[in-house]
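Values quoted throughout were computed directly from the atomic coordinates according to the rules given, and no laboratory measurement underlies them. In this text, all values refer to a predicted model and were calculated from it rather than measured experimentally. As a convention, Cβ positions derive from the backbone with ideal geometry for all residues, glycine included, and neighbour counts pool all protein chains shown.
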Amino acid sequence: MKNQSFNSILQDISTHLSQTKNSVQEGLQWICDTLKISFSAYQWVGFYFAEPSSQTLHLKAYAGAPTDHTTIPFGKGICGQVALSNVPFLVPDVTLQDNYIACSVDVRSEIVVPLFLNGKNIGQIDIDSHYSDPFSNEDTEFLEAICKLIADTYGNTLLEI
Ligand code: SME
């Protein structure tokens, strides 16, 4: 059931990105909004992009409650760790993580998947859930496919947002 939704939403995103001449910012925002309304366990969806010179991540688009954490140093929290590790990080229970930045007391789990451009980790998609342990490897693969679509669509313009 969920896999069917993943496939159909991936198709919607692909169609939207290829048919509409929107800016990177608008495209990312559309994806955040679409994911948040499509999956009951996705309460907050956002994209952070890396600024290598300052070793920080910057929030560029999100759907869900506003967060104070719009800038995150590499290495800090789940997001900062993914900026350095280059691998997806699935957290079934955030209370068991030492290196975690809480955006809301309601968040119980999180998944962060890096976004690669020409093999380089330039950003990430971050999803918070109010449910405990809602994510699986299918979510990881789904989010990796979305990140690839974004990189293929926007290319180097992603480095300018
Ligand atoms: N929880 C994240 C911080 C970003 S918020 O989830 C929006 C982390 O530990 O990196």
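Suppose we keep only residues that are more than 11 Å from the chain's Cα centre (by Cα) and either among the β-branched types (Val, Ile, Thr) or on the phi < 0 side of the Ramachandran plot (or both) within the range 45-59. Which one would you say is farthest from the ligand (Cβ to nearest atom)?
Ser53
Please go through the range 60-73 and pick out each residue that is more than 20 Å from Gln29 (Cα to Cα) and either within 9 Å of the ligand (Cβ to nearest atom) or out of contact with any strand residue (DSSP E or B) (no Cβ under 7 Å at 6 or more places or on another chain) (or both).
Passing the criteria: none in range.
Are there any pairs, at least 6 apart or on different chains, whose C-beta atoms fall under 7 Å, with the first in the range 95-124 and closer than 19 Å to Ser40 by Cα and the second part of a loop (DSSP other than H, G, I, E, B) and within 10 Å of the ligand (Cβ to nearest atom), and if so, which?
Within 7 Å, the pairs are Cys103/Thr67; Cys103/His69; Ser104/Ala65.
Quick check on Asp128: is it among the acidic types (Asp, Glu), part of a strand (DSSP E or B) and at negative phi?
Taking the combined requirement at face value, the residue satisfies it.
Which residues, taken from the range 33-71, are of a type in the set (A, V, I, L, M, F, W, C), part of a strand (DSSP E or B) and farther than 21 Å from Ala151 by Cβ?
Result: Trp44, single match.
Given (1) within 10 Å of the ligand (Cβ to nearest atom); (2) charged (D, E, K, R); (3) more than 14 Å from the chain's Cα centre (by Cα), where does Asp128 come up short, assuming only one miss?
(3)
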